[in-house]
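The values are calculated or read from the model by the stated rules, or taken from the named source; none is laboratory data. From a predicted model like this one, the values you see are computed outputs, not experimental measurements. Neighbour counts are summed over all protein chains in view; Cβ atoms, including those assigned to glycine, are modelled from backbone coordinates with ideal geometry. Ligands, DNA and RNA are excluded from the accessible area calculation, which covers all protein heavy atoms including side chains. Shrake-Rupley method; radii C 1.70, N 1.55, O 1.52, S 1.80 Å.
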Amino acid sequence: MIIFNSVKSLENHLTDLQKQQKTIGFAPTMGALHMGHISLISIAKAQCDIVVSSIFVNPTQFNDLADLDKYPRTMDADIALLEKADCDILFAPEVNEIYSEEELNAKRNHKEDFSWTQGKTVDFGLLDKVMEGAHRPGHFNGVAQVVSKLFRIVNPNKAFFGQKDFQQLSIIKSMVKQLEMPIEIIACPIVREEDGLAMSSRNRRLSDEERKEVPSISKLLFFIKEIYKTHPINQLKEVVTNYYEKESLIHLEYFDIVDSETLQSITDFNNSKSAVACIAVKLKTVRLIDNVILY
Ligand code: AMP
């Protein structure tokens, strides 16, 4: 695997590969890699000639600076995992390779920067107003900002994202369409621990006691999937809210059943072609999300 820290050297290398008609697959990450990330590399390997991954803890998508500081950084172990997965190229830039001072100042002053649209109108409509967007102001602008920059640098044919971040996938598909980027976005299934917990870089920050409780998140989602055909939606929601009312370690931020396309809450399954149940919980210092596609 070749590791690049600078934009210029990566771009030069990729231009050579593109001249040789190689197809490029790209899987961006924030590091602290686990088998969920590695699954993206494997899926990309099966579909593209060259696989590029990136490790960049993106400051502009964190609305909570303590969360940014505490985000795990495990570069040596990450490199070993990527090597083992046969990843071809790793891009691991410093913050100032990606952001100008103006952009970082906007973030420091809690203003959203929209220069990443390069003069185009990008409007996510209601997609970024709900769930993660409602609970983490500015988060999806930061995601679109960094992903658009990385896409312009890497110029991939296909980019691979986990369905674990279901709303992020919708935002990125919408962004690519509105910016008219010729990149196919591939959604990859959620990889879980044996007890069902969705793998996440944040899981390693859970205490032993918390780790014992968090499998309830996916267990509830799977239970909802089992019973949704025979129960009204408000009762399904009560199952989850009632469960967490009795839980002291886990605070439920939201549980919703939404249309997979619009991400808006569903009141009647008959009105949606596909639906997904989404959850976010907060423990003492760790926030976790998960979802399951109902149909
Ligand atoms: P992150 O490093 O958390 O920004 O995630 C980088 C990419 O890995 C995103 O596309 C995530 O959706 C994906 N990802 C994270 N966890 C999982 C998982 N458990 N299963 C599948 N994909 C995942």
*Please work out if ILE41 is hydrophobic (A, V, I, L, M, F, W, C), surrounded by 14 or more Cβ atoms within 10 Å (Cβ to Cβ), touching a Cys at 6+ places or on another chain (Cβ under 8 Å) and in contact (Cβ under 8 Å) with a residue 24 or more places away in the chain.*
yes
*What number of residues within region 182-196 satisfy the criterion of being away from the ligand (no atom under 13 Å from the Cβ) and either in the same structural domain as LEU263 (by TED's automatic domain parsing) or open to solvent by less than 30 Å² (accessible area, probe 1.4 Å) (or both)?*
1
*asked:* Which numbered condition in (1) closer than 22 Å to ASN203 by Cα; (2) within 13 Å of the ligand (Cβ to nearest atom); (3) open to solvent by 20 Å² or more (accessible area, probe 1.4 Å); (4) modelled with pLDDT of 95 or more is the only one that LEU68 fails?
replied: (4)
*Across region 1-10, what is the number of residues that are in contact (Cβ under 8 Å) with a residue 12 or more places away in the chain and open to solvent by 50 Å² or more (accessible area, probe 1.4 Å)?*
4
*Those residues that are among the hydrophobic types (A, V, I, L, M, F, W, C) and either outside the structural domain of ASP67 (by TED's automatic domain parsing) or outside any helix (DSSP H, G or I) (or both), I need them from region 139-167; list them, please.*
ALA159, PHE160, PHE161
*Give me a count of the residues in region 218-241 that are open to solvent by less than 20 Å² (accessible area, probe 1.4 Å) and out of contact with any helix residue (DSSP H, G or I) (no Cβ under 8 Å at 6 or more places or on another chain).*
2
*Is it true that ALA46 is assigned to a helix (DSSP H, G or I), free of Cβ contacts under 8 Å to residues at least 12 places away in the same chain, farther than 25 Å from ARG136 by Cβ and among the small types (Gly, Ala, Ser)?*
yes
*Before we move on, is SER170 without any contact (Cβ under 8 Å) to a residue 60 or more places away in the chain, among the small types (Gly, Ala, Ser), within 16 Å of the ligand (Cβ to nearest atom) and not in a loop (DSSP other than H, G, I, E, B)?*
no
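Results for (1) of a type outside the set (S, T, N, Q); (2) in a loop (DSSP other than H, G, I, E, B); (3) within 16 Å of the ligand (Cβ to nearest atom), shown as yes or no for each residue.
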residue: LYS8; (1), (2), (3): yes, no, no
residue: THR15; (1), (2), (3): no, no, no
residue: LYS22; (1), (2), (3): yes, yes, no
residue: ALA27; (1), (2), (3): yes, no, yes
residue: ALA32; (1), (2), (3): yes, yes, yes
residue: HIS37; (1), (2), (3): yes, no, yes
residue: SER42; (1), (2), (3): no, no, yes
*Among GLU247, GLU210, which is out of contact with any Gly (no Cβ under 9 Å at 6 or more places or on another chain), modelled with pLDDT under 95 and surrounded by fewer than 19 Cβ atoms within 10 Å (Cβ to Cβ)?*
GLU247
